[in-house]
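Trainee: After the structure tokens below, expect a handful of questions from me.
What follows is calculated from the coordinates using simple rules that are stated; it is not laboratory data. For clarity, every value in this text was computed on a predicted model and none was experimentally measured. Note that we place each Cβ from the backbone using ideal geometry, even for glycine, and neighbour counts take in every protein chain shown.
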């Protein structure tokens with residue numbers, strides 16, 4: 001029996017190691033981007049697996065997710081994203097032409113349902129998916145349209161559901177010049193420094209801390225560009241969101257950045273959302289529960305929540 005020489009054995013080992021190394025660190029093969037500029041998925045792992053492959057290929061990766069109906073969802077009808085959008089549509093419909101709808105009361109009420117509801121992951125393995133990215137060294141951020149006033153409720157809901165986004169790197173300059181609320185002046189200064197085109201209208205306050213950026217319903221595409229530029233250099237950025245409006249804004253942002261931006265519209269809870277939009281009886285029942293709950297509460301509490309009803313026949317209320 002002939003045995004290979006030591007040199008031959010070492011050469012074979014080196015060749016094998018090189019082949020395995022190339023396989024282990026192969027860059028992610030992204031499917032062709034659809035004409036509309038984004039992918040659609042019902043599973044967070046679709047984007048996460050590609051992000052992990054990019055990370056293994058020594059790329060600097062940032063993974064950004066929406067919160068509501070993307071990684072967390074309200075299990076009941078009342079306080080859900082679908083219910084909220086229906087209430088907002090009703091407010092807009094009865095607002096006189098030329099006037100700006102006043103959504104402040106319904107946002108204030110929504111904060112109540114966020115506070116008392118035990119939100120759940122949109123998919124059972126959601127927390128594990130994001131934790132796997134973090135364990136691989138990929139920074140994970142949440143970019144939410146929620147108002148900064150809801151930070152306490154938001155962080156509680158994330159933690160209770162098994163998410164820990166506080167592992168994310170801190171936001172730095174040019175956006176995050178200080179901790180706390182970042183106002184129009186800070187946002188504009190960051191936009192100028194990063195050469196990001198901003199709106200002419202004043203920006204609402206945003207906050208960025210513990211891996212959660214709260215932007216109060218403002219353009220997420222603009223906000224992500226500011227966040228990216230304040231976290232460091234990246235070779236690939238992933239963004240996942242259920243809202244078509246946010247996806248459209250992100251597609252526009254992708255056209256003005258040199259960093260590859262992989263955009264996913266998440267549809268994991270879309271069937272549930274669409275079913276509620278179509279079921280007027282369920283929506284009316286949720287409205288009735290809201291009115292009844294606030295009526296009882298207002299027997300003992302003075303609050304702006306006591307000044308209106310959803311089921312009133314008076315369209316001005």
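Trainee: I'd like the FRET efficiency for residue 104 and residue 258, computed as 1/(1 + (r/R0)^6) with the beta carbon distance as r and R0 of 41 Å, rounded to 0.05. Before the final figure, lay out each step's value.
Mentor: Details: r = 39 Å, r/R0 = 0.95.
That pair, residue 104 with residue 258, gives E of 0.60.
Trainee: How are the Cα pair distances of the range 165-251 distributed, in percent, across 10 Å bins from 0?
Mentor: 16, 54, 29, 1
Trainee: Using the 2.2 N^0.38 Å rule of thumb for compact globular proteins, work out how the range 79-132 stacks up: its C-alpha Rg over that value, please. Show your work: numbers first, answer last.
Mentor: Details: Rg = 15.8 Å, N = 54, 2.2 N^0.38 = 10.0 Å.
For the range 79-132, the normalised Cα radius of gyration is 1.58.
Trainee: Against the longest alpha carbon principal axis of the chain, how many degrees, from 0 to 90 and to the nearest 10, is the axis of helix 81-93 turned?
Mentor: Roughly 50 degrees between the two axes.
Trainee: Now for a separate question. Quick one: work out the % antiparallel among DSSP beta bridges in the chain, nearest 5.
Mentor: Values: 6 of 26 bridges.
So the antiparallel bridges amount to about 25 percent of the total.
Trainee: Could you tell me how many cubic angstrom of Cα convex hull volume the range 171-317 has per residue?
Mentor: Values: hull volume 26.2 nm³, N = 147.
Measuring per residue, one finds 178 Å³ for the Cα hull of the range 171-317.
Trainee: Once both axes come from the Cα atoms, what is the angle between helix 220-229 and the longest principal axis of the chain, in degrees from 0 to 90, rounded to 10?
Mentor: 40 degrees
Trainee: Right, another one. In whole Å, what is the distance between the alpha-carbon centres of the range 234-265 and the range 30-95?
Mentor: Centre-to-centre (Cα) distance: 11 Å.
Trainee: When a footprinting reagent is the concern and you count Cβ atoms within 10 Å, what order do 69, 248 take, fewest first?
Mentor: On the way: 69 22, 248 18.
In increasing order of surrounding Cβ atoms, one gets 248, 69.
Trainee: Another question about this same structure. Need one number: nm distance between label points at residue 189 and residue 201, each 7 Å from Cα along Cα→Cβ, rounded to one decimal.
Mentor: According to this spin-label approximation, the distance is 2.5 nm.
Trainee: Using only the Cα atoms of the range 212-285, construct the convex hull and provide its projected area averaged over every direction, in square nanometres to one decimal. Display every interim value, and only then the final one.
Mentor: Details: hull surface 24.9 nm².
Reported value for the Cα convex hull: 6.2 nm².
Trainee: Quickly work out the residue 167-to-residue 291 label distance, labels modelled 7 Å from Cα along the C-beta direction, and quote it in nm with one decimal.
Mentor: About 4.7 nm, to one decimal.
Trainee: What is the gain in length, in nm to one decimal, between residue 135 and residue 178 on full extension, counting 0.36 nm per residue of separation less the C-alpha to C-alpha distance? Don't skip to the answer; put the middle values down first.
Mentor: Numbers: separation 43, 0.36 × 43 = 15.48 nm, distance 2.79 nm.
12.7 nm is the gain from fully extending residue 135 to residue 178.
Trainee: Given points 7 Å out from each Cα along the Cα-Cβ axis, report the residue 311 to residue 275 separation in nanometres with one decimal.
Mentor: 2.3 nm
Trainee: Kindly express, to the nearest 10 degrees and within the range 0 to 90, the angle between helix 104-116's C-alpha long axis and the longest C-alpha principal axis of the chain.
Mentor: With rounding to tens, the tilt is 60 degrees.
Trainee: So how long is each side of the range 139-179 along the principal axes, counting just the alpha-carbon atoms, biggest first, in Å?
Mentor: The Cα atoms of the range 139-179 stretch 32, 23, 15 Å along their principal axes.
Trainee: Then there's this: Just round it to a whole percent: the fraction of Cα-Cα distances in the range 28-171 exceeding 18 Å.
Mentor: Values: 6511 of 10296 pairs.
In whole percent, the share of Cα-Cα pairs in the range 28-171 beyond 18 Å is 63.
Trainee: Among 59, 258, 280, rank each residue by its count of other Cβ atoms within 10 Å, from fewest to most, as a rough exposure measure.
Mentor: Numbers: 59 17, 258 5, 280 10.
Ascending number of Cβ neighbours within 10 Å: 258, 280, 59.
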